[in-house]
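*Asks:* What follows is a single structure, and I will ask about it in a moment.
The values are calculated or read from the model by the stated rules, or taken from the named source; none is laboratory data. Note that the structure is predicted; figures quoted are calculated from it, not measured. Backbone-built Cβ (ideal geometry, glycine too); neighbour counts: all protein chains shown.
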Amino acid sequence: MKNTKPYKEFGEFLKRVFPFKVQKISLNAGFTCPNRDGSKGWGGCTYCNNQTFSPEYCHMEKSISRQLEEGMLFFSRKYPEMKYLAYFQAYTNTYDELSNLTAKYEEALRFPGVVGIIVGTRPDCMPDELLDYFTGLAEKYFVLIEYGVESTSDKTLLRINRGHTYADSENAIRRTAARGIYTGAHLILGLPGESKEEILLHAGRISTLPLTTLKLHQLQLIRNTRMAKEFTENPSDFNLYTVDEYIELVIDFIERLNPSIILERFVSQSPKELLIAPDWGLKNYEFAAKVNKRIQERNAWQGRLY
């Protein structure tokens with residue numbers, strides 16, 4: 001049956017959960033990653049430069065409370081009654097001693113106006129004792145755990161130096177969702193070596209998992225990354241989609257996606273001074289408007305081919 005909306009939207013999900021407006025505030029809690037510190041590898045993922053998702057207020061030398069205060073000041077000018085979700089975004093936000101992790105989460109939750117947390121992490125960094133903690137926390141607060149899956153192909157994960165397998169992603173997502181915790185995933189569309197057909201297979205694989213939310217990102221080449229160097233040396237390995245090509249790919253993807261999964265976004269937006277390509281010159285909401293227009297033209301909807 002055709003959905004009343006062409007896809008499940010994150011904003012509508014938040015409206016169902018909260019009786020007031022909520023806004024995410026990104027935080028840098030000063031964590032690292034197991035494939036940066038030598039535990040799994042060195043140098044991080046080949047595409048990664050964490051400056052790409054750190055707003056001005058989000059610097060690790062500032063306390064969690066200071067970052068929240070500055071973030072709220074930025075957003076509250078327009079919506080004074082807004083409530084907030086503390087988004088632990090930079091690096092791997094479950095990779096530390098349990099006491100250090102919980103102290104930072106709880107500092108955020110004590111801050112006036114914060115009604116929940118979103119924690120971005122890797123699927124190989126969720127020990128049972130931390131899941132126990134999040135299970136208890138989710139009884140009192142909004143808790144969403146977002147896993148960087150990036151690809152369902154182990155060949156690709158090895159190439160981009162993720163340091164984990166797709167089986168690790170499946171395991172972490174199933175364990176988290178089984179606790180009754182909102183569970184999200186990230187995928188990057190257009191990673192080197194992946195054809196359109198292989199990208200669309202990700203939709204079928206990810207659809208079998210008990211996910212609450214999914215974020216899609218276009219591949220972006222960022223300055224000072226190993227992937228940027230690889231592109232310079234072998235540009236034929238990469239398919240950098242035009243705006244129109246990527247819109248068609250996104251719609252093809254969501255037509256194959258489980259209709260119960262909430263789509264949080266289709267693209268990410270890196271700072272212009274760090275971005276090599278593709279430079280579309282579109283903000284996220286402008287891209288979403290183009291997707292909405294084209295999905296109507298195609299008479300498409302999430303799950304049509306699921």
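*Asks:* In region 122-136, how many are buried (at least 22 other Cβ atoms within 10 Å of the Cβ) and either assigned to a strand (DSSP E or B) or over 19 Å from the mean Cα position of the chain (by Cα) (or both)?
*Replies:* Counting residues in region 122-136 that are buried (at least 22 other Cβ atoms within 10 Å of the Cβ) and either assigned to a strand (DSSP E or B) or over 19 Å from the mean Cα position of the chain (by Cα) (or both) gives 0.
*Asks:* If I ask for residues that are over 17 Å from the mean Cα position of the chain (by Cα), part of a helix (DSSP H, G or I) and not aliphatic (A, V, I, L, M), which ones from region 5-40 would you list?
*Replies:* Listed by number, the residues that qualify are 12, 15, 16.
*Asks:* Further question on the same structure: Look at residue 108 and say whether it is under 24 Å from residue 270 (Cβ atoms), of a type outside the set (D, E, K, R) and surrounded by 17 or more Cβ atoms within 10 Å (Cβ to Cβ).
*Replies:* Judged against the criteria, residue 108 is not a match.
*Asks:* Checking the structure you have, find out if any residue of region 141-148 is touching a residue at least 24 places away in the same chain (Cβ under 8 Å), assigned to a helix (DSSP H, G or I) and surrounded by fewer than 18 Cβ atoms within 10 Å (Cβ to Cβ).
*Replies:* Taking every residue of region 141-148 in turn, none turns out to be touching a residue at least 24 places away in the same chain (Cβ under 8 Å), assigned to a helix (DSSP H, G or I) and surrounded by fewer than 18 Cβ atoms within 10 Å (Cβ to Cβ).
*Asks:* Tell me which residues, restricted to region 230-247, are of a type outside the set (Gly, Ala, Ser), surrounded by fewer than 17 Cβ atoms within 10 Å (Cβ to Cβ) and assigned to a helix (DSSP H, G or I).
*Replies:* Correct list: 232, 233, 235, 237, 243, 244, 245.
*Asks:* Could you please let me know if residue 91 is part of a loop (DSSP other than H, G, I, E, B), on the phi > 0 side of the Ramachandran plot and surrounded by 15 or more Cβ atoms within 10 Å (Cβ to Cβ)?
*Replies:* Taking the combined requirement at face value, the residue satisfies it.
*Asks:* May I ask you to list the residues in region 10-27 that are over 19 Å from residue 113 (Cβ atoms) and either crowded, with 16+ Cβ neighbours inside 10 Å or touching a Gly at 6+ places or on another chain (Cβ under 9 Å) (or both)?
*Replies:* Matches in region 10-27: 10, 13.
*Asks:* Name the residues in region 211-263 that are more than 19 Å from the chain's Cα centre (by Cα) and among the basic types (Lys, Arg), would you?
*Replies:* 223, 226, 229, 256
Residues checked against (1) surrounded by fewer than 15 Cβ atoms within 10 Å (Cβ to Cβ); (2) under 25 Å from residue 122 (Cα atoms); (3) of a type in the set (D, E, K, R); (4) at pLDDT 95 or above:
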residue: 186; (1), (2), (3), (4): no, yes, no, yes
residue: 197; (1), (2), (3), (4): yes, no, yes, yes
residue: 203; (1), (2), (3), (4): no, yes, no, yes
residue: 218; (1), (2), (3), (4): no, yes, no, yes
residue: 228; (1), (2), (3), (4): no, yes, no, no
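*Asks:* Restricting attention to region 94-102, does a residue exist that is in contact with a Ser or Thr (Cβ under 7 Å, 6 or more places away or on another chain), at pLDDT below 95, assigned to a loop (DSSP other than H, G, I, E, B) and among the β-branched types (Val, Ile, Thr)?
*Replies:* no
*Asks:* Which residue out of 182, 166 is in contact (Cβ under 8 Å) with a residue 12 or more places away in the chain, surrounded by 19 or more Cβ atoms within 10 Å (Cβ to Cβ) and touching a helix residue (DSSP H, G or I) at 6+ places or on another chain (Cβ under 6 Å)?
*Replies:* The unique qualifying residue is 166.
*Asks:* Report, by residue number, each residue of region 137-153 that is closer than 20 Å to residue 216 by Cβ and either over 17 Å from the mean Cα position of the chain (by Cα) or not aliphatic (A, V, I, L, M) (or both).
*Replies:* Within region 137-153, 146, 147, 148, 150, 151, 152, 153 meet the criteria.
*Asks:* Being on the phi < 0 side of the Ramachandran plot, surrounded by 20 or more Cβ atoms within 10 Å (Cβ to Cβ) and touching a helix residue (DSSP H, G or I) at 6+ places or on another chain (Cβ under 7 Å) is true for just one of 274, 263. Which residue is that?
*Replies:* 263
*Asks:* Right, next: Does residue 119 satisfy the condition of being within 25 Å of residue 10 (Cα to Cα) and surrounded by 22 or more Cβ atoms within 10 Å (Cβ to Cβ)?
*Replies:* In short, yes.
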